[in-house]
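S.K.: Structure in structure tokens, see below.
The values are calculated or read from the model by the stated rules, or taken from the named source; none is laboratory data. Just so we're clear, the structure is a prediction, and the values are computed from it rather than from any experiment. Note that we place each Cβ from the backbone using ideal geometry, even for glycine, and neighbour counts take in every protein chain shown. What goes into the accessible areas is simple: the full protein's heavy atoms, side chains included, and nothing from ligands, DNA or RNA. Shrake-Rupley method; radii C 1.70, N 1.55, O 1.52, S 1.80 Å.
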Amino acid sequence: IKNFALVNSYIESVATTNACPETGGLIAFLNGTGTTIDSVYIHATVKGFKGNVGGFVGIAGGSSNKTVIRNCAFEGSVYSPSVYVGGIVGCGNNCDMLIVNCLNLGSIMGSDYNSGIIGSNMDKCTVRNCINLNENVLYGIATSTKDTNPIKIEDCWYMGEIAGMT
């Protein structure tokens with residue numbers, strides 16, 4: 001998936017059960033099949049029904065193939081009344097993921113585990129050379145809910161105060 005812009009969009013989950021709570025500006029549930037998202041700009045309002053809400057991807061699921069998101073930017077807002085909310089990815093779940101050269105200009109709102117780039121990751125993830133310009137998130141760039149394989153954050157920039165583990 002590459003080289004396009006999605007502008008002035010409104011994406012809202014209308015789920016009424018917890019069966020599929022994921023919501024994304026581009027993809028709600030990405031089953032890690034070696035997908036690459038490259039050079040995409042999204043300007044949108046993304047509202048989730050529950051957790052796992054992201055400006056690009058709601059949740060990235062497990063696979064042995066690496067998921068790569070690079071050279072992407074999000075602007076607008078991402079909202080969930082629950083957890084795992086991110087400007088680029090809401091949650092990575094057992095997914096080998098690289099997020100590189102990405103920018104979040106959007107507002108991120110959730111009850112916990114909300115970050116400018118990835119709300120939470122539960123396995124292998126590297127966030128490299130990314131920028132979050134939103135000051136009102138709990139965990140500047142990213143947060144990890146798994147101590148055995150924490151997120152690697154390399155050469156990233158965040159302008160706000162950090163309220164928790166990054």
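S.K.: Mind telling me which of the residues ASN3, ASN71 ends up being more than 13 Å from the chain's Cα centre (by Cα), modelled with pLDDT of 95 or more, open to solvent by 30 Å² or more (accessible area, probe 1.4 Å) and closer than 23 Å to GLU135 by Cα?
M.R.: ASN71
S.K.: Looking at PHE56, PHE49, which is the one that is of a type in the set (Phe, Trp, Tyr) and crowded, with 23+ Cβ neighbours inside 10 Å?
M.R.: Just a single option satisfies the conditions, and that option is PHE56.
S.K.: Determine which single condition SER80 fails, assuming it passes every other condition in (1) in contact (Cβ under 8 Å) with a residue 40 or more places away in the chain; (2) more than 20 Å from HIS43 (Cα to Cα); (3) more than 12 Å from the chain's Cα centre (by Cα).
M.R.: (2)
S.K.: Now for a separate question. Residues in region 22-33: is at least one farther than 24 Å from THR126 by Cα, part of a strand (DSSP E or B) and touching a residue at least 12 places away in the same chain (Cβ under 8 Å)?
M.R.: Filtering region 22-33 for residues farther than 24 Å from THR126 by Cα gives none.
No, because not a single residue in region 22-33 is farther than 24 Å from THR126 by Cα, part of a strand (DSSP E or B) and touching a residue at least 12 places away in the same chain (Cβ under 8 Å).
S.K.: Assess whether VAL68 counts as being out of contact with any Cys (no Cβ under 9 Å at 6 or more places or on another chain), in a strand (DSSP E or B) and under 20 Å from GLY92 (Cβ atoms).
M.R.: yes
S.K.: For GLY48, are the conditions met, namely being closer than 23 Å to ILE131 by Cβ and of a type outside the set (A, V, I, L, M, F, W, C)?
M.R.: No, not satisfied.
S.K.: Still on this structure, I have one more. Do we have GLY34 as over 23 Å from LEU138 (Cβ atoms) and open to solvent by 10 Å² or more (accessible area, probe 1.4 Å) here?
M.R.: Criteria met by GLY34.
S.K.: On the given criteria, is ALA44 modelled with pLDDT under 95 and either within 14 Å of VAL89 (Cβ to Cβ) or open to solvent by less than 20 Å² (accessible area, probe 1.4 Å) (or both)?
M.R.: no
S.K.: Out of all the residues in region 57-64, is one or more of a type in the set (Val, Ile, Thr) and closer than 13 Å to GLU22 by Cα?
M.R.: yes
S.K.: How about region 85-166: which strands (runs of 3 or more DSSP E) wholly inside it have at least 3 residues that are modelled with pLDDT of 80 or more?
M.R.: Strands (runs of 3 or more DSSP E) meeting the threshold: 89-92, 95-100, 107-109, 112-115, 118-121, 125-128, 152-154.
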